[in-house]
Amino acid sequence: MARILIVEPHTDIRSLLEHVVRRLGHEAVYPSGNAGPMPDVDAAVIEPGDFAGLRYARHVRGLGRPVVFTSIFPAEREALDLEPAAYFVKPFALHELSGALAAALAVPVPA
């Protein structure tokens, strides 16, 4: 079982992402807030437009772990420079996220 960080500001979308993560047999992990420590996770699903999203993405990539971005905005250079395992523009099919997470966890992504 992998620990997957979810950084998504909208509760309803966060619930859907958690559902996908749990259906794959993994544990959903959430940020503890700006003052809390950065979590040690195996991968992340992040909305890069969220205030703290890119900060968490940099941390996870710094650990050499994969990041999947899910956003309402097209990819920007700052996000693409982190070499995400996938970048989905909302709305997207949940099976696409499942496939991207499974693939990202099966093959290490270089930092």
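The values are calculated or read from the model by the stated rules, or taken from the named source; none is laboratory data. Note that the coordinates shown come from a computational prediction; the quantities given were computed from them, not determined experimentally. When we count neighbours, we look across all protein chains shown, and the Cβ atoms used for this are built from the backbone with ideal geometry, even at glycine. Calculation scope for accessible area: heavy atoms of the full protein, side chains included, ligands and nucleic acids excluded. Shrake-Rupley method; radii C 1.70, N 1.55, O 1.52, S 1.80 Å.
Scanning the stretch 67-94 for residues that are charged (D, E, K, R) and under 16 Å from Arg55 (Cβ atoms), which turns out most open to solvent (accessible area, probe 1.4 Å)? Full working, then the answer.
In the first step, residues of the stretch 67-94 are kept if they are charged (D, E, K, R); the result is 76-78, 81, 83, 90.
Filter once more, so that each one left must be under 16 Å from Arg55 (Cβ atoms): 76, 78, 81.
Details: Glu76: 123, Glu78: 99, Asp81: 96 Å².
Filtering first and then ranking leaves Glu76.
Is it the case, given these coordinates, that Tyr56 is within 23 Å of Leu16 (Cα to Cα), surrounded by fewer than 18 Cβ atoms within 10 Å (Cβ to Cβ) and under 12 Å from the mean Cα position of the chain (by Cα)?
Numbers: within 23 Å of Leu16 (Cα to Cα): yes; surrounded by fewer than 18 Cβ atoms within 10 Å (Cβ to Cβ): no; under 12 Å from the mean Cα position of the chain (by Cα): yes.
Taking the combined requirement at face value, the residue does not satisfy it.
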